[in-house]
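Chemist: Take this structure, written in structure tokens, and hold onto it; I'll ask about it next.
The values are calculated or read from the model by the stated rules, or taken from the named source; none is laboratory data. Since we're looking at a predicted model, the values are computed, not measured. Backbone-built Cβ (ideal geometry, glycine too); neighbour counts: all protein chains shown.
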Amino acid sequence: MGTPVTERMLRSILPALAAALLAPLPQAAHAQGWETGGQRSFLQKEIADRASKELRPFYAARRFQPLWLNEFGRPSGAAAMLMHHLRTAQFDGLEPDRLRFERVARLVDKARRGDEEDIAKAEIALSTAFAGYVRGMRAADRSGMIYESAALAPVVPTVRSVLDTAAKTASLEDYVAEMRWMHPLYAPMREAMEDRRFSESQRRQIWTNLARIRAIPAIPQGRHVLVDTASATLWMYEDGRPVDSMRVVVGKPELQTPTMAGFIRYAIVNPYWNVPADLVQNTIAANVLARGVGYLKNGGYQVFADWREGAPPLDPHNVNWTAVREGRAKVHVRQLPGGSNFMGKVKFEFPNAQGIYLHDTPDKHLLREDARQFSSGCVRLEDAARMHRWLMGQPLPTRLRGDAEQTVPLPEMVPIYITYLTAMPQGQQIVFHDDPYGRDGLQLAAVDGARADRP
């Protein structure tokens, strides 16, 4: 067998191939023309006759001129790249057979003979396959992503929208090669699936991560935040490109940060820390029993019977801390702003049922660790002031009115996606990380089990 042709190799030869195929035609060949004086060529008439109900509006808008083939039936570089993607669609969680790749390949090959009917059939088949391919990828399994709103999930576009977007790009070949209908992390990872330098084990790891990236929309314009819990890193994106990053601390393996998406809506400056119930039972109560109620005063903690607004604090001397520690009684505890407050100077809320948010932290030493899975689920920021500047467009206030927390809405909501990537592109390389939550193993075991069950 010959050397496998990778997507990178294809891209290196496609410009020359496309130039040769689309070289100026002999004068006689132009006699038919595309459309002159309102007259359609025979090829345009064939495309008009064969376009389905879904495709016809797209082709009508372009006067039934082909998108993928020239008038001699020769495929463009974009068509060749699309064919390659279709042939290897299993990397995208799709079946090439369901996209009718073999049929499309036969029609494209037959169209090279130059017969207008064959060219029209191949043109329509390529557009149909492309629309099905893009829609299939965008409708793929969300890989456990929890969306606060359906507006955060990848949108499955209409057939017309798929083709209109592709046709309006400056370079259709680049658009298809870089799979710009997906998040920017996707295409480099997908290309790595065909790189023989990676072992089978590494390729399986890349494959699991491709599924996770498919749960994140492309977001070509505006801002969004991406948090990867495997590497414990956060990126700030603008118009589809990362513009800044920082280290973060995320949930420990027994209290994992979930894979989720939300809208960052506001900052809370000088925040209280409402201590989670499990920490009240297992940490606060244990420390009070060991050190006395002075532990609460020294740490700036207040105790309440509930979270009603204006509820008076309880005298901690009157609380049965043994019952709290054993789970037989409950109290609510919060830490006052300032000083050693666990939230630091600011937190950023994207309201969700899981109780996850971004926040500052006084425990900066944890951010120097290589593996940073230490929190109870929330995301602690390396530089909350820098995050505030990017989100709010102004510095984090250094002097505040009183000691009460202040809620400051963002100028506009910013989407945040928390994912889990044990393999991801970094420059021209694919970087592999540990699997601290064991999710790769579970995902691959489920796939292997499903295959084993097939007749």
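Chemist: What's the number of the condition F198 fails, among (1) outside any helix (DSSP H, G or I); (2) within 15 Å of the chain's Cα centre (by Cα); (3) closer than 17 Å to T88 by Cβ?
Modeler: (2)
Chemist: Which residue is nearest to L366 (Cα to Cα), if the candidates are limited to region 231-282 and must be β-branched (V, I, T) and over 22 Å from the mean Cα position of the chain (by Cα)? Break it down into steps so the answer makes sense when it comes.
Modeler: In the first step, residues of region 231-282 are kept if they are β-branched (V, I, T); the result is 233, 243, 248-250, 257, 259, 264, 268-269, 275, 280.
Of the ones still in play, those that are also over 22 Å from the mean Cα position of the chain (by Cα) are 268-269, 275, 280.
Numbers: I268: 23, V269: 22, V275: 20, V280: 22 Å.
Going through the qualifying residues, I end up with V275.
Chemist: Give region 68-92 a look and list any residue that's among the charged types (D, E, K, R), in a helix (DSSP H, G or I) and surrounded by fewer than 21 Cβ atoms within 10 Å (Cβ to Cβ), or say none.
Modeler: As a first pass, look at region 68-92 and keep what is among the charged types (D, E, K, R): 71, 74, 87, 92.
The next check asks that each one be in a helix (DSSP H, G or I); those that pass are 87, 92.
Correct list: R87 only.
Chemist: Further question on the same structure: Can you name the number of the only condition in (1) of a type in the set (G, A, S); (2) at positive phi; (3) touching an Asp or Glu at 6+ places or on another chain (Cβ under 8 Å) that G240 fails?
Modeler: Against the list (1) of a type in the set (G, A, S); (2) at positive phi; (3) touching an Asp or Glu at 6+ places or on another chain (Cβ under 8 Å), G240 comes up short only on (3).
Chemist: Checking the structure you have, find out if any residue of region 8-18 is assigned by TED's automatic domain parsing to the domain that holds V176, of a type in the set (S, T, Y) and modelled with pLDDT of 95 or more.
Modeler: no
Chemist: Of all residues in region 393-411, count the ones that are at pLDDT 95 or above and surrounded by 12 or more Cβ atoms within 10 Å (Cβ to Cβ).
Modeler: 1
Chemist: Kindly indicate which of R113, R138, R56, R106 is surrounded by fewer than 20 Cβ atoms within 10 Å (Cβ to Cβ), of a type in the set (D, E, K, R) and in contact with a Phe, Trp or Tyr (Cβ under 8 Å, 6 or more places away or on another chain). Let's see the steps before the verdict.
Modeler: Values: R113 fails: in contact with a Phe, Trp or Tyr (Cβ under 8 Å, 6 or more places away or on another chain); R56 fails: in contact with a Phe, Trp or Tyr (Cβ under 8 Å, 6 or more places away or on another chain); R106 fails: in contact with a Phe, Trp or Tyr (Cβ under 8 Å, 6 or more places away or on another chain).
Being surrounded by fewer than 20 Cβ atoms within 10 Å (Cβ to Cβ), of a type in the set (D, E, K, R) and in contact with a Phe, Trp or Tyr (Cβ under 8 Å, 6 or more places away or on another chain) holds for just one of R113, R138, R56, R106, which is R138.
Chemist: A follow-up question, please. Kindly evaluate I206 against the criterion of being touching a residue at least 40 places away in the same chain (Cβ under 8 Å), in the same structural domain as E326 (by TED's automatic domain parsing), touching a Phe, Trp or Tyr at 6+ places or on another chain (Cβ under 9 Å) and β-branched (V, I, T).
Modeler: On the way: touching a residue at least 40 places away in the same chain (Cβ under 8 Å): yes; in the same structural domain as E326 (by TED's automatic domain parsing): no; touching a Phe, Trp or Tyr at 6+ places or on another chain (Cβ under 9 Å): yes; β-branched (V, I, T): yes.
So I206 fails the test.
Chemist: Taking the condition assigned to a helix (DSSP H, G or I), within 24 Å of W68 (Cβ to Cβ), under 15 Å from the mean Cα position of the chain (by Cα) and not hydroxyl-bearing (S, T, Y), does M137 pass?
Modeler: Numbers: assigned to a helix (DSSP H, G or I): yes; within 24 Å of W68 (Cβ to Cβ): yes; under 15 Å from the mean Cα position of the chain (by Cα): yes; not hydroxyl-bearing (S, T, Y): yes.
Yes, satisfied.
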